[in-house]
Amino acid sequence: MSLQTEATAVAPAIRDGTYVAVEDGDFLFLVKNGKRRSIKPDEVAKHGITQKDIQLVDSLMLEGIPVERVQSAVGREINSYLKSDLKSGHYMSSWVWLRGTTLTTKTRTETITLFGGYTGGVQVVLFDAAGNRILHDTIRYRYGIDGRAFGPGTREDTETFQLPQNVADAAETIVITHYWDPKVNIVGTAIEVAKVAWQLIQLILDQQRKGEAVNAGGSPF
């Protein structure tokens, strides 16, 4: 699928009351009223959930299900996590959480090569309860790292970004993208074309299949 052509596929529906998980993921969700709610590990035994109760889905299908809004005593929090293998021995992991109007991004950039340093990029895009992209200022960071012959081969960085109140109020889903910088044009075009979360992930996956060092997605912590 070309980045210049808007994705038109429809995210498949999942029956209400189904427990779903990504095949190689560590997170479990319950789908109710067309939305997904994260199920914590200690709830599995409490609710008597077994392996046969869980429907395995791909990440694109999962991201097509809006996240249920959860209100806590200290206010609403939305979070996401993405771990990426960008090939050639380079990896990125990002944890993102939104509290109030403050969006915090923590990223670990890593290489296992001796001499093959690289620069990795991370970009965060917010979507509303229906999975529609919210227009907001670009949230993007880039981190360079040397090969292990010249240092530890890993770094961690934490950034904060203040969102307008209306953007923070509307946000329900966080999609993270990782890429080799300067692959920003590929990522930027995908974000511009995509209208909903699962479209963005599909466009990035299409580029990944073509050999591009990019990845996108994210699941709650």
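The values are calculated or read from the model by the stated rules, or taken from the named source; none is laboratory data. Remember, predicted model here, so these are calculated numbers, not experimental data. Cβ sites come from the backbone with ideal geometry, for glycine too, and all protein chains shown count toward neighbours.
Among (1) aromatic (Phe, Trp, Tyr); (2) within 30 Å of residue 113 (Cα to Cα); (3) crowded, with 18+ Cβ neighbours inside 10 Å, which single condition is residue 150 missing?
(3)
Considering 174, 145, 134, which residue is hydrophobic (A, V, I, L, M, F, W, C) and farther than 19 Å from residue 35 by Cα? Spell out the reasoning first.
Numbers: 174 fails: farther than 19 Å from residue 35 by Cα; 134 fails: farther than 19 Å from residue 35 by Cα.
Among 174, 145, 134, only 145 is hydrophobic (A, V, I, L, M, F, W, C) and farther than 19 Å from residue 35 by Cα.
Which of the strands (runs of 3 or more DSSP E) found entirely inside region 130-221 contain at least 1 residues meeting this: at pLDDT below 95, over 15 Å from the mean Cα position of the chain (by Cα) and charged (D, E, K, R)? Reasoning before the result, please.
Details: elements: 139-145, 154-162, 173-180, 214-217.
Those strands (runs of 3 or more DSSP E) do not exist here; none qualify.
Within the bounds of region 103-117, is there any residue that is surrounded by fewer than 16 Cβ atoms within 10 Å (Cβ to Cβ), over 19 Å from residue 191 (Cβ atoms), of a type outside the set (Gly, Ala, Ser) and touching a residue at least 60 places away in the same chain (Cβ under 8 Å)?
Scanning region 103-117 turns up no residue that is surrounded by fewer than 16 Cβ atoms within 10 Å (Cβ to Cβ), over 19 Å from residue 191 (Cβ atoms), of a type outside the set (Gly, Ala, Ser) and touching a residue at least 60 places away in the same chain (Cβ under 8 Å).
Taking residue 159 as the residue in question, decide whether it is acidic (Asp, Glu), more than 15 Å from residue 97 (Cβ to Cβ) and surrounded by fewer than 21 Cβ atoms within 10 Å (Cβ to Cβ).
For residue 159, the condition - acidic (Asp, Glu), more than 15 Å from residue 97 (Cβ to Cβ) and surrounded by fewer than 21 Cβ atoms within 10 Å (Cβ to Cβ) - is not met.
Please specify each residue of region 73-119 satisfying the condition of being assigned to a loop (DSSP other than H, G, I, E, B) and closer than 21 Å to residue 162 by Cα.
Listed by number, the residues that qualify are 74, 75, 76, 100, 101.
Determine which member of the set 84, 88, 93 is under 24 Å from residue 205 (Cβ atoms) and crowded, with 19+ Cβ neighbours inside 10 Å.
Working: 88 fails: crowded, with 19+ Cβ neighbours inside 10 Å; 93 fails: crowded, with 19+ Cβ neighbours inside 10 Å.
Among 84, 88, 93, only 84 is under 24 Å from residue 205 (Cβ atoms) and crowded, with 19+ Cβ neighbours inside 10 Å.
Output the residue which, of all residues in region 1-42 that are crowded, with 18+ Cβ neighbours inside 10 Å, within 20 Å of residue 132 (Cα to Cα) and of a type in the set (Val, Ile, Thr), is modelled with the highest pLDDT.
Top of the filtered list is 31.
Could you list, in sequence order, all residues of region 41-57 that are without any contact (Cβ under 8 Å) to a residue 24 or more places away in the chain and either within 19 Å of residue 173 (Cβ to Cβ) or of a type in the set (Gly, Ala, Ser) (or both)?
Going residue by residue through region 41-57, those that are without any contact (Cβ under 8 Å) to a residue 24 or more places away in the chain are 41-48, 50-52.
Matches in region 41-57: 45, 48.
Whether any residue in region 43-63 is out of contact with any Leu (no Cβ under 9 Å at 6 or more places or on another chain), buried (at least 16 other Cβ atoms within 10 Å of the Cβ) and outside any strand (DSSP E or B) is what I want to check.
Yes, that holds for at least one residue.
Between a residue in region 189-211 that is over 17 Å from residue 121 (Cβ atoms) and crowded, with 22+ Cβ neighbours inside 10 Å and any residue that is hydrophobic (A, V, I, L, M, F, W, C) and modelled with pLDDT of 90 or more, which pairs come within a Cβ distance under 6 Å, given they are 6 or more apart or on different chains?
194/200; 194/203; 197/127; 197/175
If residue 122 satisfies every condition in (1) within 12 Å of residue 177 (Cα to Cα); (2) aliphatic (A, V, I, L, M); (3) outside any strand (DSSP E or B) but one, which is the exception?
Among (1) within 12 Å of residue 177 (Cα to Cα); (2) aliphatic (A, V, I, L, M); (3) outside any strand (DSSP E or B), residue 122 violates only (3).
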